[in-house]
Structures are given as C-alpha cells and as structure tokens.
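Each remark here refers to the structure printed beneath this line.
The values are calculated or read from the model by the stated rules, or taken from the named source; none is laboratory data. Nothing here was measured: the structure is a model prediction, and the numbers come from that model. Quick reminder, even Gly has a Cβ in these numbers, built from the backbone with ideal geometry, and neighbours come from all protein chains shown.
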Amino acid sequence: MNSKQVVLITGSSTGFGRLFAETMARKGHTVFATMRDPGGRNAKNASEIRALAEKESLPIHVLEMDVTNDISVERAVDAAVAKAGRIDVAINNAGYYLSGLEEAVTTEQAQRLMDTNFLGPVRVNRAVLPHMRRQRGGVLIHVSSGAGRVVLPSAGFYCASKFALEALAEAYSYELAAQGIESVILEPGQYETPVFGNTVTAADEARTNTYGAVKEIPAKINAALSSTAGNAQEVAEAVLRIVETPAGEKQLRYFVGPQDFGLNEINALSKRVQTSMLEAFGLTADTKFLKGKAVGAV
C-alpha cells in the first residue's frame with residue numbers, strides 16, 4: 001500500500017468526519033469527504049470544506065453520499081475510484097445519537113437509527129470491498145463508541161447499534177485478513193462534537209411520563225457526557241495514526257477517550273475469549289487472528 005492513502009469518509013459535514021478529513025488531507029492523504037445533500041442542507045458545510053481545500057491546497061474532494069441509500073453509496077464510491085483509481089481506506093463514521101427511555105423509542109425511530117449506524121457501514125463496505133479485494137489490500141475503519149462495549153440507561157438503542165457494528169467489524173477482520181484487508185474498530189469516549197446537538201429523542205412522551213423519576217435519566221446522562229467531553233481533535237489524530245500504521249500491524253480495537261471506564265479490560269478479555277473460541281473451531285490459521293493483539297494504544 002502506498003504511504004499516501006486514498007481515504008473515503010462518511011458523515012464528513014461536521015464533527016469527527018470533518019476533523020478526520022482535514023487532519024488526513026493536511027498530511028498529504030487524498031480524502032473524499034462524503035455527506036448528504038452537499039448542494040442543499042449541507043451546502044454551507046460543503047462550501048467551507050472546499051474553501052479550506054483551496055486555501056491550503058489540500059487534496060479534499062466533496063462527494064454526495066447518503067449511507068441509507070444503496071445507489072447513493074455505490075455512486076459515491078464509483079466516483080472516488082474513477083477520480084483516484086483506488087480506495088485504500090474507508091472510514092465508516094456517519095451516525096447519530098438516540099436518547100430516551102427504551103419503551104418510548106418507536107419502532108420507526110429504531111429502524112432509522114439502525115439504518116444509519118449499522119446498515120450504513122454494511123452498504124459502504126459492500127461497495128468498497130470489491131475494489132480493495134482487487135487491490136489485495138485496504139482498511140475498513142468502523143467508528144464505534146465506548147457505548148459499543150458498555151451500556152448506559154436511556155442510550156440502549158444507540159448502544160445496540162454500536163454493539164452490532166462491533167460484531168460486524170470483528171467478523172470482517174477474520175474473513176478479510178487473508179486478502180490483505182484490515183478491519184479496525186475505533187471506540188471514542190466522550191468528546192465535544194455536534195452529535196449532542198443533533199441528538200434524536202424518544203418520541204413517545206406519554207410512555208416516558210409514566211416512569212416517574214427514572215424519566216430524568218436521559219437528561220442526567222447527556223449532561224454528564226457533555227461536562228466531561230474532551231477535545232475531538234484527539235480522535236482525529238488517533239485515526240491518522242491508525243491509517244499510517246503499516247499494513248498488517250494494525251490492531252482490531254482502539255479505545256481513545258478522556259476516561260477509560262475499564263473498556264481496555266473488556267477488550268483484552270474479549271481477545272482471550274475470541275482466541276479460545278477460534279482455536280476450538282480450528283479457525284486460527286484461516287483468520288490470522290492470533291498474529292496480533294485485539295487492543296491497541298493510540
């Protein structure tokens with residue numbers, strides 16, 4: 001793989017995605033910053049990114065992509081490959097936070113959340129993997145969360161979407177290793193990004209109001225997350241280090257956050273359990289899982 005990568009990032013209009021795009025482009029990597037509706041609802045964000053790229057001569061290209069739409073995803077990936085000739089890294093970053101008591105979350109809200117946070121990466125990976133397999137190399141980076149390993153009351157559906165993403169990303173890591181493609185999971189802790197301002201709340205207020213004092217939990221959780229949030233640039237620097245780690249040397253999981261909460265212990269235990277399970281099924285040679293560690297420091 002070349003030292004300078006071609007990187008496709010979802011959800012690049014604001015927050016982590018935008019920081020990833022700017023940070024990697026400033027290091028010389030070619031970046032395709034994708035977002036929904038860059039000519040409409042995200043016109044201002046797209047314009048700011050293009051202006052920055054022109055001002056600093058950065059290799060950033062804005063593409064339209066709605067991760068909930070198969071055709072939109074395929075069109076964006078095809079456009080990136082047509083322009084750059086390849087995709088070395090795909091960063092599945094698009095997602096949002098759903099807050100509220102679980103009974104008060106409607107099935108429609110749950111479906112929309114999973115369509116973005118979980119099925120979005122499924123669509124992106126299906127679109128980029130044929131190109132990566134032809135190249136015999138590539139990296140899938142899945143932006144999970146500390147909430148992909150621990151559960152907070154009032155964040156159950158968000159946690160579920162990230163738990164699902166973690167399982168999928170780990171399965172990819174086993175299946176793709178022999179083809180030179182790495183699947184990586186990034187678990188950010190609490191950081192200051194627009195995700196809190198874009199939080200979706202449980203819609204069934206009538207049910208929420210039957211819970212008494214428990215209905216105050218979502219506000220307490222959100223206040224605690226906001227008050228302890230770190231500088232999101234730390235996450236962008238972590239992603240840059242992962243991207244620039246030589247092929248074959250990346251870890252499966254990376255946690256980065258202001259507070260650990262024991263997440264690295266969970267990941268280390270998971271590594272031991274997974275190793276035992278793969279050995280029992282006689283799969284370690286096929287997956288190459290045992291060549292490295294499951295937890296990485298960034």
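Some points to look at:
- Only a single criterion out of (1) closer than 17 Å to F16 by Cα; (2) in contact (Cβ under 8 Å) with a residue 40 or more places away in the chain; (3) not in a loop (DSSP other than H, G, I, E, B) is not satisfied by L225, namely (2).
- Which numbered condition K27 fails, given (1) basic (K, R); (2) surrounded by 24 or more Cβ atoms within 10 Å (Cβ to Cβ); (3) touching a residue at least 60 places away in the same chain (Cβ under 8 Å): (2)
Matching residues to (1) part of a helix (DSSP H, G or I); (2) in contact with an Asp or Glu (Cβ under 8 Å, 6 or more places away or on another chain); (3) modelled with pLDDT under 95; (4) buried (at least 19 other Cβ atoms within 10 Å of the Cβ):
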{"residue": "K162", "(1), (2), (3), (4)": "yes, no, no, yes"}
{"residue": "S173", "(1), (2), (3), (4)": "yes, yes, no, yes"}
{"residue": "A178", "(1), (2), (3), (4)": "yes, yes, yes, no"}
{"residue": "G197", "(1), (2), (3), (4)": "no, no, yes, no"}
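- Yes/no for T14 being within 16 Å of the chain's Cα centre (by Cα), in contact (Cβ under 8 Å) with a residue 60 or more places away in the chain and surrounded by fewer than 24 Cβ atoms within 10 Å (Cβ to Cβ): yes
- Test: R86 is of a type in the set (K, R), out of contact with any Asp or Glu (no Cβ under 7 Å at 6 or more places or on another chain) and surrounded by 21 or more Cβ atoms within 10 Å (Cβ to Cβ): no
- Among the residues listed as E48, E103, the single one being in contact (Cβ under 8 Å) with a residue 60 or more places away in the chain and of a type in the set (D, E): E103
- Residues in region 228-245 that are at pLDDT 95 or above and part of a loop (DSSP other than H, G, I, E, B): T245 only.
- Some residue of region 66-73 being at negative phi, among the hydrophobic types (A, V, I, L, M, F, W, C) and in contact (Cβ under 8 Å) with a residue 40 or more places away in the chain: yes
- Per the listing V273, V239, the residue uniquely within 21 Å of K162 (Cβ to Cβ), out of contact with any Lys or Arg (no Cβ under 9 Å at 6 or more places or on another chain) and crowded, with 19+ Cβ neighbours inside 10 Å is V239.
- Single residue of L98, L140, L52 found to be surrounded by fewer than 19 Cβ atoms within 10 Å (Cβ to Cβ) and under 22 Å from V235 (Cβ atoms): L52
- Taking the listed residues R133, R149, the one that is surrounded by fewer than 18 Cβ atoms within 10 Å (Cβ to Cβ) and touching a helix residue (DSSP H, G or I) at 6+ places or on another chain (Cβ under 7 Å) is R133, with no other qualifying.
- Restricted to region 252-267, and to residues there that are of a type outside the set (V, I, T) and closer than 14 Å to I185 by Cβ, the residue that is surrounded by the fewest Cβ atoms within 10 Å (Cβ to Cβ) is N264.
- Failed criterion for L113 (all others in (1) in contact (Cβ under 8 Å) with a residue 60 or more places away in the chain; (2) closer than 27 Å to Q179 by Cα hold): (2)
- Candidates L263, L269, L252, L240, filtered to the one that is without any contact (Cβ under 8 Å) to a residue 12 or more places away in the chain and more than 20 Å from L98 (Cβ to Cβ): L269
- Residues in region 106-130 that are out of contact with any helix residue (DSSP H, G or I) (no Cβ under 6 Å at 6 or more places or on another chain) and among the polar types (S, T, N, Q) were compared, and the one that is surrounded by the fewest Cβ atoms within 10 Å (Cβ to Cβ) is T107.
- The residues on offer are A219, A280, A213, A229, and the sole one that is among the aliphatic types (A, V, I, L, M) and within 24 Å of the chain's Cα centre (by Cα) is A229.
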